[in-house]
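The values are calculated or read from the model by the stated rules, or taken from the named source; none is laboratory data. Small disclaimer: the values here were computed from a predicted structure and weren't measured. All Cβ positions, even for glycine, are placed from backbone atoms using ideal geometry, and neighbour counts span all protein chains on display. These accessible areas exclude ligands, DNA and RNA; they are computed on the full protein's heavy atoms, side chains included. Shrake-Rupley method; radii C 1.70, N 1.55, O 1.52, S 1.80 Å.
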Amino acid sequence: QVQLVESGGGLVQAGGSLRLSCAASGYIFNINTMGWYRQAPGKQRELVADITDGGSSNYADSVKGRFAISRDNAKNTVYLQMNSLKPEDTAVYYCNAYMTARDMGVMTHKGYWGQGTQVTVSS
């Protein structure tokens with residue numbers, strides 16, 4: 001069974017830093033794009049940053065210059081280094097990975113989601 005497990009969320013003061021990690025496990029053939037999304041209360045889920053298997057990255061304008069996404073292909077893991085955090089960064093952060101895998105005996109080619117990790121930035 002394919003799983004994405006996130007870690008690294010928590011409570012931090014404005015201006016502080018956090019590093020999120022997300023590890024994919026299971027019968028995985030390859031992972032194309034991995035990314036981080038977030039959802040604040042009462043708002044839609046939005047893309048924060050994503051990165052291709054070739055290392056090309058993309059960021060939301062609101063986090064450019066403050067967040068950095070990276071990945072370790074050998075470990076099927078994606079990271080999000082978040083610096084200069086602001087109260088408006090408070091949200092549940094979700095990992096997403098678009099992959100080819102064998103899931104419960106069935107070949108799949110789709111995006112999988114992690115369970116989410118809470119990030120709270122106090123002012």
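Averaging the sequence gap over all C-alpha pairs within less than 8 Å and six or more residues apart, then dividing by the number of residues, gives segment 1-86 a relative contact order of 32 percent. Once the Cβ-Cβ distance between S84 and Q3 is put in as r, and R0 is 30 Å, what FRET efficiency do you end up with, to the nearest 0.05? According to the calculation, E is roughly 0.45. Applying the criteria of a DSSP loop state and at most 11 other Cβ atoms within 10 Å to the trypsin sites (Lys or Arg not before Pro) of segment 3-107 yields K43, K64. Taking every protein chain into account, the accessible area of the chain amounts to 52 square angstrom per residue (probe 1.4 Å). Taking amide H positions as modeled 1.01 Å from N, with prolines and chain starts lacking one, the residues under 5 Å from G10 and 5 or more places away or on another chain are V119, T120.
Across the alpha-carbon set of the chain, the Rg to Rh ratio works out to 0.98, Rh being the Kirkwood radius.
As an exercise, use a Förster radius of 35 Å and the Cβ-Cβ distance of S122 and S57 to find the FRET efficiency, rounded to the nearest 0.05. With a Förster radius of 35 Å, E is 0.80. Structural descriptor for segment 40-123: relative contact order 22 percent, calculated from alpha carbon pairs under 8 angstrom and at least 6 residues apart. Per-residue extension of 0.36 nm, minus the Cα-Cα distance of F29 and D72, leaves a gain of 14.0 nm for this segment.
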